[in-house]
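J.: One structure coming up, written as C-alpha coordinates, with questions to follow.
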Amino acid sequence: MLIINFMTQQEFELAPRYRGYHLVTNEILKHLPPLPQTGILHLFIKHTSAALSINENADPSVRVDFESVMNKIVPENESCYTHTLEGSDDMPAHAKSSLIGNSITVPVTNGRLNLGTWQGIYLCEFRNHGGARRIVATIAG
Amino acid sequence: MLIINFMTQQEFELAPRYRGYHLVTNEILKHLPPLPQTGILHLFIKHTSAALSINENADPSVRVDFESVMNKIVPENESCYTHTLEGSDDMPAHAKSSLIGNSITVPVTNGRLNLGTWQGIYLCEFRNHGGARRIVATIAG
Amino acid sequence: MLIINFMTQQEFELAPRYRGYHLVTNEILKHLPPLPQTGILHLFIKHTSAALSINENADPSVRVDFESVMNKIVPENESCYTHTLEGSDDMPAHAKSSLIGNSITVPVTNGRLNLGTWQGIYLCEFRNHGGARRIVATIAG
(Lines give C-alpha, C1' and ligand atoms only; values in the text may rest on other atoms or scores of the structure.)
Protein backbone atom coordinates (compact mmCIF):
# COMPACT_ATOMS: atom_id res chain seq x y z
CA MET A 1 0.00 0.00 0.00
CA LEU A 2 1.78 3.12 -1.24
CA ILE A 3 0.30 6.34 0.04
CA ILE A 4 1.29 9.95 0.40
CA ASN A 5 1.91 10.58 4.07
CA PHE A 6 1.45 13.57 6.24
CA MET A 7 2.90 14.64 9.52
CA THR A 8 1.27 17.18 11.82
CA GLN A 9 2.20 18.51 15.21
CA GLN A 10 0.39 20.13 18.11
CA GLU A 11 1.92 21.58 21.25
CA PHE A 12 -0.34 22.08 24.24
CA GLU A 13 -0.52 21.99 28.04
CA LEU A 14 -2.18 19.47 30.27
CA ALA A 15 -3.99 20.94 33.25
CA PRO A 16 -1.91 20.86 36.48
CA ARG A 17 -2.37 17.79 38.63
CA TYR A 18 -1.29 16.68 42.05
CA ARG A 19 1.50 14.17 42.52
CA GLY A 20 0.34 10.79 41.27
CA TYR A 21 -0.85 8.88 38.23
CA HIS A 22 -3.64 10.40 36.14
CA LEU A 23 -5.69 9.10 33.23
CA VAL A 24 -5.46 11.77 30.50
CA THR A 25 -6.52 9.96 27.32
CA ASN A 26 -9.56 12.16 26.75
CA GLU A 27 -7.84 15.42 27.66
CA ILE A 28 -5.11 14.64 25.11
CA LEU A 29 -7.58 13.69 22.38
CA LYS A 30 -9.32 17.05 22.75
CA HIS A 31 -6.08 18.77 21.68
CA LEU A 32 -5.55 16.67 18.55
CA PRO A 33 -6.78 17.14 14.98
CA PRO A 34 -8.65 14.26 13.30
CA LEU A 35 -6.43 11.18 13.27
CA PRO A 36 -5.40 9.40 10.04
CA GLN A 37 -6.72 6.01 8.91
CA THR A 38 -3.36 4.35 9.52
CA GLY A 39 -0.56 5.95 11.47
CA ILE A 40 1.10 6.62 14.76
CA LEU A 41 0.72 9.22 17.49
CA HIS A 42 3.86 10.26 19.34
CA LEU A 43 3.41 12.13 22.63
CA PHE A 44 6.41 13.82 24.26
CA ILE A 45 6.41 15.58 27.63
CA LYS A 46 8.83 18.52 27.75
CA HIS A 47 9.77 17.99 31.40
CA THR A 48 12.28 15.90 33.36
CA SER A 49 10.21 15.30 36.49
CA ALA A 50 7.07 13.77 34.95
CA ALA A 51 6.41 10.95 32.51
CA LEU A 52 3.89 9.48 30.09
CA SER A 53 2.86 5.84 30.14
CA ILE A 54 0.12 3.47 29.08
CA ASN A 55 -1.58 1.39 31.72
CA GLU A 56 -4.85 0.24 33.30
CA ASN A 57 -7.78 2.54 32.52
CA ALA A 58 -10.50 1.02 34.69
CA ASP A 59 -9.73 0.42 38.36
CA PRO A 60 -8.36 3.57 40.06
CA SER A 61 -6.64 1.40 42.69
CA VAL A 62 -3.95 0.62 40.13
CA ARG A 63 -3.04 4.30 39.92
CA VAL A 64 -2.96 4.56 43.73
CA ASP A 65 -0.61 1.58 43.97
CA PHE A 66 1.65 3.01 41.25
CA GLU A 67 2.47 5.85 43.61
CA SER A 68 3.45 3.37 46.36
CA VAL A 69 5.43 1.12 44.05
CA MET A 70 7.47 3.90 42.48
CA ASN A 71 8.17 5.53 45.85
CA LYS A 72 9.61 2.23 47.08
CA ILE A 73 11.76 1.87 43.95
CA VAL A 74 13.10 5.44 44.18
CA PRO A 75 12.79 6.61 47.80
CA GLU A 76 13.16 10.25 48.84
CA ASN A 77 15.90 11.53 51.15
CA GLU A 78 18.47 8.83 50.45
CA SER A 79 21.79 9.76 51.99
CA CYS A 80 23.59 9.22 48.67
CA TYR A 81 21.68 11.99 46.87
CA THR A 82 23.70 15.11 46.06
CA HIS A 83 21.02 16.87 43.98
CA THR A 84 18.89 18.07 46.90
CA LEU A 85 18.49 21.85 46.46
CA GLU A 86 15.15 21.64 44.63
CA GLY A 87 13.38 19.58 47.30
CA SER A 88 13.26 15.97 48.43
CA ASP A 89 10.85 15.06 45.62
CA ASP A 90 13.12 16.39 42.84
CA MET A 91 15.88 13.82 42.33
CA PRO A 92 13.44 10.90 42.70
CA ALA A 93 11.27 12.65 40.09
CA HIS A 94 14.16 12.75 37.61
CA ALA A 95 14.89 9.06 38.14
CA LYS A 96 11.23 8.06 37.81
CA SER A 97 10.98 10.10 34.61
CA SER A 98 13.74 8.07 32.94
CA LEU A 99 12.45 4.78 34.35
CA ILE A 100 8.91 5.29 33.01
CA GLY A 101 9.92 7.40 30.02
CA ASN A 102 9.03 10.82 28.73
CA SER A 103 7.31 9.76 25.52
CA ILE A 104 4.90 7.16 24.22
CA THR A 105 3.99 6.07 20.71
CA VAL A 106 0.50 4.72 20.02
CA PRO A 107 -0.74 3.13 16.79
CA VAL A 108 -3.65 4.82 15.01
CA THR A 109 -6.07 2.56 13.13
CA ASN A 110 -9.25 3.57 11.32
CA GLY A 111 -8.91 7.11 12.62
CA ARG A 112 -8.71 6.10 16.30
CA LEU A 113 -6.06 5.27 18.87
CA ASN A 114 -5.62 1.51 18.67
CA LEU A 115 -5.40 0.88 22.41
CA GLY A 116 -6.26 -2.38 24.13
CA THR A 117 -9.57 -2.57 25.98
CA TRP A 118 -7.95 -1.82 29.33
CA GLN A 119 -5.34 0.68 28.19
CA GLY A 120 -5.32 4.42 28.83
CA ILE A 121 -2.70 7.17 28.74
CA TYR A 122 -1.20 8.14 32.10
CA LEU A 123 0.33 11.44 33.05
CA CYS A 124 2.75 10.47 35.81
CA GLU A 125 3.30 13.55 37.97
CA PHE A 126 6.30 13.02 40.21
CA ARG A 127 6.57 16.49 41.76
CA ASN A 128 4.47 17.65 44.71
CA HIS A 129 3.65 20.84 42.79
CA GLY A 130 4.45 20.19 39.15
CA GLY A 131 2.15 22.71 37.49
CA ALA A 132 0.84 22.48 33.93
CA ARG A 133 2.84 20.08 31.78
CA ARG A 134 3.69 20.82 28.15
CA ILE A 135 3.18 18.09 25.54
CA VAL A 136 4.23 17.85 21.88
CA ALA A 137 1.99 15.56 19.85
CA THR A 138 3.27 14.41 16.46
CA ILE A 139 0.93 12.48 14.19
CA ALA A 140 2.30 10.58 11.20
CA GLY A 141 -0.12 8.89 8.85
CA MET B 1 16.79 11.99 -0.13
CA LEU B 2 13.16 12.83 -0.84
CA ILE B 3 10.95 9.80 -1.22
CA ILE B 4 7.29 8.97 -1.14
CA ASN B 5 6.60 7.18 2.07
CA PHE B 6 4.24 4.46 3.01
CA MET B 7 2.81 3.26 6.28
CA THR B 8 1.37 -0.20 6.81
CA GLN B 9 -0.05 -1.92 9.83
CA GLN B 10 -0.55 -5.51 10.97
CA GLU B 11 -2.35 -6.67 14.07
CA PHE B 12 -1.65 -10.21 15.26
CA GLU B 13 -1.30 -12.43 18.34
CA LEU B 14 1.81 -13.91 19.84
CA ALA B 15 1.44 -17.47 21.06
CA PRO B 16 0.78 -17.71 24.83
CA ARG B 17 3.87 -18.04 26.99
CA TYR B 18 4.57 -18.74 30.62
CA ARG B 19 5.64 -15.97 32.98
CA GLY B 20 9.11 -14.79 32.03
CA TYR B 21 11.17 -13.24 29.27
CA HIS B 22 10.92 -14.69 25.78
CA LEU B 23 12.82 -14.07 22.57
CA VAL B 24 10.17 -13.43 19.89
CA THR B 25 12.09 -11.73 17.05
CA ASN B 26 11.42 -14.49 14.54
CA GLU B 27 7.80 -15.01 15.54
CA ILE B 28 7.16 -11.29 15.02
CA LEU B 29 8.94 -11.18 11.65
CA LYS B 30 6.71 -13.99 10.37
CA HIS B 31 3.69 -11.70 10.83
CA LEU B 32 5.17 -8.74 8.94
CA PRO B 33 5.09 -7.82 5.25
CA PRO B 34 8.41 -7.14 3.46
CA LEU B 35 10.21 -4.30 5.23
CA PRO B 36 11.17 -1.05 3.45
CA GLN B 37 14.73 -0.08 2.50
CA THR B 38 14.78 2.70 5.11
CA GLY B 39 12.24 3.03 7.85
CA ILE B 40 11.09 2.16 11.33
CA LEU B 41 9.05 -0.66 12.84
CA HIS B 42 6.84 0.21 15.81
CA LEU B 43 5.54 -2.69 17.91
CA PHE B 44 2.82 -2.06 20.48
CA ILE B 45 1.40 -4.61 22.92
CA LYS B 46 -2.29 -4.06 23.68
CA HIS B 47 -2.03 -5.20 27.31
CA THR B 48 -1.15 -3.67 30.66
CA SER B 49 0.48 -6.68 32.30
CA ALA B 50 3.13 -7.51 29.70
CA ALA B 51 5.83 -5.53 27.89
CA LEU B 52 8.11 -5.46 24.88
CA SER B 53 11.83 -4.82 25.13
CA ILE B 54 15.10 -5.31 23.31
CA ASN B 55 17.86 -7.21 25.04
CA GLU B 56 20.41 -10.05 24.86
CA ASN B 57 19.58 -12.67 22.22
CA ALA B 58 22.25 -15.26 22.93
CA ASP B 59 22.65 -16.51 26.49
CA PRO B 60 19.32 -17.69 27.96
CA SER B 61 20.64 -17.06 31.49
CA VAL B 62 20.03 -13.32 30.92
CA ARG B 63 16.33 -14.00 30.48
CA VAL B 64 16.26 -16.16 33.61
CA ASP B 65 17.92 -13.41 35.65
CA PHE B 66 15.51 -10.79 34.28
CA GLU B 67 12.71 -12.61 36.09
CA SER B 68 14.67 -12.47 39.39
CA VAL B 69 15.70 -8.84 38.95
CA MET B 70 12.24 -7.56 38.16
CA ASN B 71 10.63 -9.57 40.99
CA LYS B 72 13.03 -7.92 43.42
CA ILE B 73 12.25 -4.45 42.03
CA VAL B 74 8.48 -4.99 42.18
CA PRO B 75 7.76 -7.69 44.78
CA GLU B 76 4.39 -9.41 45.11
CA ASN B 77 2.17 -9.22 48.17
CA GLU B 78 3.43 -5.88 49.47
CA SER B 79 1.23 -4.67 52.30
CA CYS B 80 0.73 -1.30 50.59
CA TYR B 81 -1.02 -2.77 47.54
CA THR B 82 -4.75 -2.07 47.30
CA HIS B 83 -5.26 -3.57 43.82
CA THR B 84 -5.26 -7.21 44.89
CA LEU B 85 -8.49 -8.74 43.54
CA GLU B 86 -6.93 -10.07 40.32
CA GLY B 87 -4.17 -12.04 42.03
CA SER B 88 -0.80 -11.37 43.64
CA ASP B 89 0.92 -11.19 40.24
CA ASP B 90 -1.43 -8.52 38.87
CA MET B 91 -0.36 -5.19 40.40
CA PRO B 92 3.35 -6.04 40.03
CA ALA B 93 2.60 -6.87 36.37
CA HIS B 94 1.10 -3.40 35.81
CA ALA B 95 4.12 -1.72 37.38
CA LYS B 96 6.61 -3.82 35.40
CA SER B 97 4.68 -3.03 32.20
CA SER B 98 5.21 0.72 32.67
CA LEU B 99 8.82 0.27 33.84
CA ILE B 100 9.83 -1.77 30.78
CA GLY B 101 7.34 -0.19 28.41
CA ASN B 102 4.58 -1.47 26.16
CA SER B 103 6.12 -0.51 22.83
CA ILE B 104 9.44 -0.54 21.02
CA THR B 105 10.62 1.18 17.86
CA VAL B 106 13.33 -0.46 15.74
CA PRO B 107 15.14 1.05 12.75
CA VAL B 108 14.79 -0.76 9.41
CA THR B 109 17.77 -0.60 7.05
CA ASN B 110 18.15 -2.32 3.67
CA GLY B 111 14.91 -4.17 4.23
CA ARG B 112 15.93 -5.67 7.59
CA LEU B 113 15.64 -4.84 11.27
CA ASN B 114 18.83 -2.95 12.09
CA LEU B 115 19.48 -4.61 15.43
CA GLY B 116 22.88 -4.93 17.10
CA THR B 117 24.59 -8.32 16.91
CA TRP B 118 23.40 -9.30 20.37
CA GLN B 119 19.94 -7.72 20.29
CA GLY B 120 16.62 -9.51 20.06
CA ILE B 121 13.00 -8.63 20.79
CA TYR B 122 11.66 -9.79 24.16
CA LEU B 123 8.08 -10.48 25.08
CA CYS B 124 8.03 -9.85 28.83
CA GLU B 125 5.16 -11.87 30.26
CA PHE B 126 4.42 -10.71 33.81
CA ARG B 127 1.27 -12.75 34.52
CA ASN B 128 1.32 -16.37 35.65
CA HIS B 129 -1.27 -17.15 32.96
CA GLY B 130 -1.22 -14.28 30.48
CA GLY B 131 -2.58 -16.04 27.41
CA ALA B 132 -2.00 -14.92 23.83
CA ARG B 133 -0.83 -11.30 23.57
CA ARG B 134 -2.08 -8.93 20.87
CA ILE B 135 0.46 -6.80 18.98
CA VAL B 136 0.01 -3.90 16.55
CA ALA B 137 2.95 -3.52 14.17
CA THR B 138 3.24 -0.24 12.26
CA ILE B 139 5.87 0.06 9.55
CA ALA B 140 6.81 3.48 8.18
CA GLY B 141 9.27 3.68 5.31
CA MET C 1 -1.43 19.86 6.13
CA LEU C 2 -0.62 17.29 3.43
CA ILE C 3 3.05 17.07 2.58
CA ILE C 4 5.41 14.69 0.87
CA ASN C 5 7.51 13.09 3.57
CA PHE C 6 11.03 11.88 3.69
CA MET C 7 12.89 9.46 5.87
CA THR C 8 16.66 9.45 6.27
CA GLN C 9 18.99 7.40 8.39
CA GLN C 10 22.48 7.79 9.80
CA GLU C 11 24.49 5.22 11.68
CA PHE C 12 27.41 6.44 13.75
CA GLU C 13 29.41 5.85 16.92
CA LEU C 14 29.45 7.87 20.10
CA ALA C 15 32.89 8.31 21.65
CA PRO C 16 33.60 5.81 24.47
CA ARG C 17 32.67 6.99 27.95
CA TYR C 18 33.18 5.74 31.45
CA ARG C 19 30.34 4.14 33.40
CA GLY C 20 27.73 6.77 34.20
CA TYR C 21 25.28 9.19 32.67
CA HIS C 22 26.52 11.52 29.93
CA LEU C 23 24.95 14.46 28.12
CA VAL C 24 25.37 13.76 24.40
CA THR C 25 22.87 16.09 22.71
CA ASN C 26 25.51 18.09 20.85
CA GLU C 27 27.61 15.09 19.89
CA ILE C 28 24.52 13.46 18.38
CA LEU C 29 23.46 16.59 16.48
CA LYS C 30 26.89 16.77 14.84
CA HIS C 31 26.18 13.41 13.17
CA LEU C 32 22.77 14.39 11.78
CA PRO C 33 21.78 16.04 8.49
CA PRO C 34 19.63 19.20 8.59
CA LEU C 35 16.39 18.41 10.41
CA PRO C 36 12.95 18.84 8.78
CA GLN C 37 10.47 21.58 9.66
CA THR C 38 8.09 19.10 11.28
CA GLY C 39 9.06 15.57 12.15
CA ILE C 40 10.52 13.12 14.60
CA LEU C 41 14.02 11.89 15.37
CA HIS C 42 14.38 8.29 16.50
CA LEU C 43 17.66 7.29 18.16
CA PHE C 44 18.42 3.61 18.73
CA ILE C 45 21.46 2.22 20.53
CA LYS C 46 22.62 -1.13 19.13
CA HIS C 47 23.74 -2.52 22.50
CA THR C 48 22.13 -4.35 25.41
CA SER C 49 24.23 -2.89 28.25
CA ALA C 50 23.68 0.83 27.64
CA ALA C 51 20.62 3.04 27.15
CA LEU C 52 19.38 6.37 25.84
CA SER C 53 17.20 8.70 27.85
CA ILE C 54 16.11 12.31 28.15
CA ASN C 55 16.71 14.12 31.40
CA GLU C 56 18.13 17.19 33.16
CA ASN C 57 20.71 19.05 31.08
CA ALA C 58 21.92 21.65 33.60
CA ASP C 59 23.04 20.44 37.01
CA PRO C 60 25.64 17.63 36.73
CA SER C 61 24.67 16.40 40.23
CA VAL C 62 21.57 14.81 38.67
CA ARG C 63 23.76 12.61 36.51
CA VAL C 64 25.90 11.65 39.50
CA ASP C 65 22.82 10.65 41.49
CA PHE C 66 21.45 8.63 38.57
CA GLU C 67 24.40 6.29 38.99
CA SER C 68 23.60 5.83 42.71
CA VAL C 69 19.87 5.41 42.15
CA MET C 70 20.19 2.80 39.41
CA ASN C 71 22.84 0.84 41.33
CA LYS C 72 20.44 0.60 44.26
CA ILE C 73 17.59 -0.55 42.00
CA VAL C 74 19.72 -3.20 40.27
CA PRO C 75 22.61 -4.12 42.59
CA GLU C 76 25.64 -6.09 41.46
CA ASN C 77 26.61 -9.51 42.79
CA GLU C 78 23.14 -10.61 43.85
CA SER C 79 23.17 -14.27 44.80
CA CYS C 80 20.26 -14.99 42.46
CA TYR C 81 22.19 -14.00 39.30
CA THR C 82 23.17 -16.88 37.00
CA HIS C 83 24.56 -14.73 34.15
CA THR C 84 27.88 -13.89 35.79
CA LEU C 85 30.60 -14.91 33.32
CA GLU C 86 30.95 -11.46 31.74
CA GLY C 87 31.60 -9.62 35.00
CA SER C 88 29.60 -8.31 37.94
CA ASP C 89 28.52 -5.21 35.97
CA ASP C 90 27.06 -7.22 33.06
CA MET C 91 23.70 -8.59 34.22
CA PRO C 92 22.81 -5.33 36.01
CA ALA C 93 23.69 -3.53 32.75
CA HIS C 94 21.21 -5.67 30.81
CA ALA C 95 18.47 -4.97 33.34
CA LYS C 96 19.15 -1.23 33.42
CA SER C 97 19.10 -1.16 29.62
CA SER C 98 15.53 -2.50 29.51
CA LEU C 99 14.42 -0.34 32.44
CA ILE C 100 15.65 2.91 30.86
CA GLY C 101 15.19 1.77 27.28
CA ASN C 102 17.42 1.51 24.23
CA SER C 103 15.70 4.12 22.08
CA ILE C 104 14.18 7.57 22.31
CA THR C 105 11.96 9.54 19.97
CA VAL C 106 12.12 13.34 19.96
CA PRO C 107 9.84 15.74 18.10
CA VAL C 108 11.42 18.05 15.53
CA THR C 109 9.85 21.49 15.12
CA ASN C 110 11.02 24.30 12.86
CA GLY C 111 14.15 22.37 12.01
CA ARG C 112 15.25 21.82 15.62
CA LEU C 113 14.81 19.23 18.36
CA ASN C 114 11.76 20.35 20.30
CA LEU C 115 13.14 19.65 23.76
CA GLY C 116 12.04 21.35 26.96
CA THR C 117 14.32 24.01 28.43
CA TRP C 118 15.91 21.58 30.86
CA GLN C 119 16.00 18.49 28.66
CA GLY C 120 19.05 16.88 27.12
CA ILE C 121 19.88 13.47 25.66
CA TYR C 122 21.69 11.06 27.97
CA LEU C 123 23.93 8.20 27.00
CA CYS C 124 23.58 5.83 29.96
CA GLU C 125 26.74 3.71 30.06
CA PHE C 126 26.20 0.75 32.38
CA ARG C 127 29.45 -1.16 31.74
CA ASN C 128 32.73 -0.33 33.45
CA HIS C 129 34.43 -0.42 30.03
CA GLY C 130 31.71 -0.15 27.41
CA GLY C 131 33.70 1.26 24.50
CA ALA C 132 32.24 3.25 21.61
CA ARG C 133 28.48 2.84 21.29
CA ARG C 134 26.76 2.49 17.90
CA ILE C 135 23.62 4.57 17.23
CA VAL C 136 21.08 4.47 14.39
CA ALA C 137 19.33 7.80 13.88
CA THR C 138 16.17 7.81 11.78
CA ILE C 139 14.59 11.11 10.85
CA ALA C 140 11.05 11.24 9.49
CA GLY C 141 9.66 14.55 8.34
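J.: In this structure, does B:VAL74 turn out to be open to solvent by 40 Å² or more (accessible area, probe 1.4 Å), among the hydrophobic types (A, V, I, L, M, F, W, C) and free of Cβ contacts under 8 Å to residues at least 60 places away in the same chain?
T.: Against the criterion (open to solvent by 40 Å² or more (accessible area, probe 1.4 Å), among the hydrophobic types (A, V, I, L, M, F, W, C) and free of Cβ contacts under 8 Å to residues at least 60 places away in the same chain), B:VAL74 does not qualify.
J.: Moving to a separate point now. Just a yes or no: is a residue in the stretch C:51-62 among the charged types (D, E, K, R), crowded, with 23+ Cβ neighbours inside 10 Å and touching a residue at least 24 places away in the same chain (Cβ under 8 Å)? Walk me through it before giving the result.
T.: Within the stretch C:51-62, the subset among the charged types (D, E, K, R) is C:56, C:59.
This time we only want the ones that are crowded, with 23+ Cβ neighbours inside 10 Å, so: C:56.
If we keep only those that are touching a residue at least 24 places away in the same chain (Cβ under 8 Å) too, we end up with C:56.
Within the stretch C:51-62 (the criterion being among the charged types (D, E, K, R), crowded, with 23+ Cβ neighbours inside 10 Å and touching a residue at least 24 places away in the same chain (Cβ under 8 Å)), the answer is yes, since at least one residue qualifies.
J.: I would also like to ask the following. Consider A:ASP65 carefully, then state whether it is open to solvent by 10 Å² or more (accessible area, probe 1.4 Å), of a type in the set (D, E, K, R), free of Cβ contacts under 8 Å to residues at least 12 places away in the same chain and more than 14 Å from chain C (Cβ to nearest Cβ).
T.: Values: open to solvent by 10 Å² or more (accessible area, probe 1.4 Å): no; of a type in the set (D, E, K, R): yes; free of Cβ contacts under 8 Å to residues at least 12 places away in the same chain: yes; more than 14 Å from chain C (Cβ to nearest Cβ): yes.
For A:ASP65, the condition - open to solvent by 10 Å² or more (accessible area, probe 1.4 Å), of a type in the set (D, E, K, R), free of Cβ contacts under 8 Å to residues at least 12 places away in the same chain and more than 14 Å from chain C (Cβ to nearest Cβ) - is not met.
J.: So how many residues does the stretch C:35-54 have that are more than 14 Å from C:PHE126 (Cβ to Cβ), part of a strand (DSSP E or B) and either within 11 Å of chain B (Cβ to nearest Cβ) or more than 10 Å from the chain's Cα centre (by Cα) (or both)? Step through it out loud before you land on a result.
T.: So the first thing to find is which residues in the stretch C:35-54 are more than 14 Å from C:PHE126 (Cβ to Cβ), and the list is C:35-44, C:46, C:54.
If we keep only those that are part of a strand (DSSP E or B) as well, we get C:38-44, C:54.
Now restrict to residues that are either within 11 Å of chain B (Cβ to nearest Cβ) or more than 10 Å from the chain's Cα centre (by Cα) (or both): C:38-44.
Total meeting the criteria: 7.
J.: Please specify each residue of the stretch A:81-101 satisfying the condition of being more than 7 Å from every other protein chain (Cβ to nearest Cβ), more than 22 Å from A:LEU52 (Cα to Cα) and in contact with a helix residue (DSSP H, G or I) (Cβ under 8 Å, 6 or more places away or on another chain).
T.: A:THR84
J.: Of all residues being under 27 Å from C:VAL69 (Cα atoms) and either touching an Asp or Glu at 6+ places or on another chain (Cβ under 6 Å) or without any contact (Cβ under 8 Å) to a residue 60 or more places away in the chain (or both) in the stretch C:15-31, which is surrounded by the fewest Cβ atoms within 10 Å (Cβ to Cβ)? Just the residue, please. I'd like the intermediate steps shown before the answer.
T.: Going residue by residue through the stretch C:15-31, those that are under 27 Å from C:VAL69 (Cα atoms) are C:15-28.
Filter once more, so that each one left must be either touching an Asp or Glu at 6+ places or on another chain (Cβ under 6 Å) or without any contact (Cβ under 8 Å) to a residue 60 or more places away in the chain (or both): C:17, C:19-20, C:26-27.
Numbers: C:ARG17: 18, C:ARG19: 17, C:GLY20: 15, C:ASN26: 9, C:GLU27: 16.
Filtering first and then ranking leaves C:ASN26.
J.: Are there any pairs with C-beta distances below 7 angstrom linking a residue in the stretch A:32-49 that is free of Cβ contacts under 8 Å to residues at least 60 places away in the same chain to a residue that is among the small types (Gly, Ala, Ser), with the two at least 6 apart or on different chains, and if so which?
T.: Between residues of the stretch A:32-49 that are free of Cβ contacts under 8 Å to residues at least 60 places away in the same chain and residues that are among the small types (Gly, Ala, Ser), the close pairs are A:THR48/A:SER97.
The values are calculated or read from the model by the stated rules, or taken from the named source; none is laboratory data. Computed from a prediction, not measured in an experiment: that's the story for all the values here. Virtual Cβ from ideal backbone geometry, glycine too; neighbours counted across all protein chains shown. Side chains included, ligands, DNA and RNA excluded: accessible areas come from the protein's heavy atoms. Shrake-Rupley method; radii C 1.70, N 1.55, O 1.52, S 1.80 Å.
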